[in-house]
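What follows is one structure encoded as structure tokens, with my remarks underneath.
The values are calculated or read from the model by the stated rules, or taken from the named source; none is laboratory data. If you're wondering where the values come from, they're calculated on a predicted model, not measured in any experiment. In this analysis, Cβ positions are derived from the backbone assuming ideal geometry, glycine residues included, and neighbour counts consider all displayed protein chains. The accessibility values were calculated without ligands, DNA or RNA, using every heavy atom of the protein model including side chains. Shrake-Rupley method; radii C 1.70, N 1.55, O 1.52, S 1.80 Å.
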Amino acid sequence: AYERRFPTCPLIPMFVASDTVNEYKSEDEAIHVIERRCKLDIDAPRLLKKIAGVDYVYFVQKNSLNRRERTLHIEAYNETFSNRVIINEHCSYTVHPDNEDWTCFEQSASLDIKSFFGFESTVEKIAMKQYTSNIKKGKEIIEYYLKQLGEEGITFVPRWTPPVVCKSESSTSHTRRPVSPAINIPESATKEGLNNKEILNTSSSPAEPTAGTPDDKLDADYIKRYLGDLTPMQESCLIRLRQWLQETHKGKIPKDEHILRFLRARDFNIDKAREILCQSLTWRKQHQVDYILDTWNPPQVLQDYYAGGWHHHDKDGRPLYVLRLGQMDTKGLVRALGEEALLRYVLSINEEGLRRCEENTKVFGRPISSWTCLVDLEGLNMRHLWRPGVKALLRIIEVVEANYPETLGRLLILRAPRVFPVLWTLVSPFIDDNTRKKFLIYAGNDYQGPGGLLDYIDKEIIPDFLGGECMCEVPEGGLVPKSLYRTAEELENEDIKLWTETIYQSASVFKGAPHEVLIQIVDASSVITWDFDVCKGDIVFNIFHSKRAPQPPKKDSLGAHSITSPGGNNVQLIDKVWQLGRDYSMVESPLICKEGESVQGSHVTRWPGFYILQWKFHNMPACATTNLPRVDDVLASLQVSSHKCKVMYYTEVIGSEDFRGSMTSLESSHSGFSQLSAATTSSSQSHSSSMISR
């Protein structure tokens, strides 16, 4: 079935053609190795293809079939741009060790972008999107060709056996070979699993029911009034995810409408929805997003020059947000406020949108879970493509996509100028496919004709600047005075102020001067929990225990035990004369944490006494085979100015009977963004090998 994908496959539109480069068959026909050069038409923006100077991308694929061991190994690597981008992919079909009538499939790939004309992040997004799409279609294609074989009367393939040579005739024996039964893939197998390792089961056992039991049903009137139409399976997913949150989540449990957004964003795959929802809840807790409308007042510059605001509702009852992007001085706002204030303002807009959705649900008597955004691009020109401004926009999109899924019902883009395709090329790879389908783009005055604005918004509320009769109170924007611009140092200090509004404390870690926190435990079996973000530099996190209390830090800010800095305090508790193993002991393995990572964990205390949490500067190890430092080490050391690191941390002691969290540390991968967005990365990974209490 797999071989039928070649030389080209109609089910894979990007796979244009392939040519056989090398082929090898063993004499006993047990081994068959074939190498092909494949021509691909990658779904990439035209502008990117034009810059790269190519229309097609070539890959080399090597397939190794071993009939003796019943395995098929597939290796692929890129030939095009191999000096700039390195892609390696490996797939394998093998026999399941527990049941030889089952076929196991495994797939893995690596991507290393060295340089790509300044579009490295865009290429990464395209590659990840393409790879995800291939994973989803892989089994569908195999099933298509299996069905095709069945229609042709091929229901099994004889297993390979060594040729038997008769002494008298030297001819091949025609004894019947053992055969495998036809592979019958149940429909339940087409559902996506937890990862890329799947089992194609030949057993005829019925699929596991996905809908909940009658006891799990929600009230029909409640669903109709607040949630909308749900199938029994969707209703069951909502109940199971909510129940899991109630049993495991220590913080505020989100409303059903919000849980449902995350389920819809992942097509009701409960495991994927749970992953992104947990990341978002952690992010909300870390940055106190639930209280942003009550505790944060936008700077006056935003109130005067940010050309956006809420304006009635559309014909479906969705709240309507109007943004006059073409009239907005994005460069001036970034220079005057920095990215953090802009991001926080956009978060407050989204929180206000959630509140308005709840209000409109009550007013109109039907579920309204999203809003409509009207973007006027009149006045958009090349100054809006200022690189830091585009970077800020991409970062905001990333945060909103991760934490407010399925909140945008429709996006109306009006009066798109000729420069708009350039901006769209840069931004579109970062926008989810489901979100992109909600975009309606009008050039010039097309929005005034059939299929235009009147199809979605009542005539009475069309803003005056679009030819309507309704006075719109959205600020007109305009140029931000350069007298309001601030230096990078001032903006950095402002970012720190935004951070100190949270429950988290800020600390600086220097080379030779770790930051330490003392926790006294009276009752054994208490649980010490922590939650911290590494804002700058790389650190090593340790936990120590001592039977005696360390000396309190000196008050003198210039002393050896305490250092004050604009970015946070630095406290050292472990006396230099103390010896590890005699005066204090290590109770957890050290954990190396990279810049941008967010770490949560817990430790069940075994003895009463004094526990010390320590964040220490991480020294890069030198290369083992030479005394010369590695290039990566040099670059990393240059990024950490003055051997200084920053962490934001929160600790709490809980009685073991009250603790419902996990006993492992969860470590998210590097986000590539700073501060507020650091915890939004979707590629988080569990790190459960450390922080487990001994």
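Things to note:
- Heavy-atom surface analysis with a 1.4 Å probe gives the range 290-484 a carbon and sulfur content of 50 percent of its accessible area.
- With all protein chains kept in place, the per residue accessible area of the range 220-287 amounts to 47 square angstrom at a probe of 1.4 angstrom.
- Counting only heavy atoms of the protein chains and using a 1.4 Å probe, Ile87 has close to 40 Å² of accessible surface.
- Accessible surface of Tyr291 - all protein chains present, 1.4 Å probe, nearest 10 Å²: 120
- For the set Met586, Met128, Met648, solvent exposure ranked by accessible area (probe 1.4 Å, protein chains only) runs largest to smallest as Met128, Met586, Met648.
- Debye-formula intensities of the range 220-287, expressed as log10 I(q)/I(0) at q = 0.12, 0.22, 0.29 Å⁻¹, are -0.29, -0.94, -1.43 (one equal scatterer per alpha-carbon, no solvent).
- Apolar share of the accessible surface for the range 220-287: 51 percent from carbon plus sulfur atoms, 1.4 Å probe.
- The slack in the chain from Leu440 to Lys255, taken as 0.36 nm per residue of separation less the alpha-carbon distance, amounts to 63.6 nm.
- Protein-only accessible surface at a 1.4 angstrom probe places the residues Ile223, Ile31, Ile592 in the order Ile592, Ile31, Ile223, largest first.
- Surface calculation, 1.4 Å probe, protein heavy atoms: Trp607 sits at approximately 110 Å² accessible.
- For the range 88-170, the solvent-accessible area works out to 63 Å² per residue, with a probe of 1.4 Å and every protein chain left in place.
- Placing unit charges on the Cβ atoms of the charged side chains and taking the dipole of the range 328-369 about its Cα centre, the candidate lying farthest along the positive direction among Val363, Leu337, Ile349 is Val363.
- Projecting the Cα atoms of Ile135, Val16, His73 onto the dipole axis of the range 2-152, where Lys and Arg carry +1 and Asp and Glu carry -1 at the beta carbon, places Val16 farthest toward the positive end.
- Heavy-atom surface of the range 290-484, accessible at 1.4 Å and reported per residue (Å²): 45
- Within the accessible area of the range 2-152 (1.4 Å probe), percent carbon and sulfur: 50
- Centre-to-centre, using Cα atoms only, the range 413-451 and the range 80-94 are separated by 34 Å.
- If you plug the beta carbon distance of Val21 and Ser121 into 1/(1 + (r/R0)^6) with R0 = 41 Å, you get a FRET efficiency near 0.80.
- The Cβ shell under 9 Å around Trp371 holds other residues with a net charge of +2, Lys and Arg each +1, Asp and Glu each -1.
- Residues Lys547, Lys331 ordered from highest to lowest accessible area at a 1.4 Å probe: Lys547, Lys331.
- Shape annotation for the range 290-484: C-alpha extents along the principal axes are 47, 40, 34 Å, from largest to smallest.
- The range 2-152 - Debye-derived log10 I(q)/I(0), Cα point model, q = 0.14, 0.19 Å⁻¹: -0.79, -1.33
- Counting DSSP beta bridges with both ends in the range 290-484, the antiparallel % (nearest 5): 20
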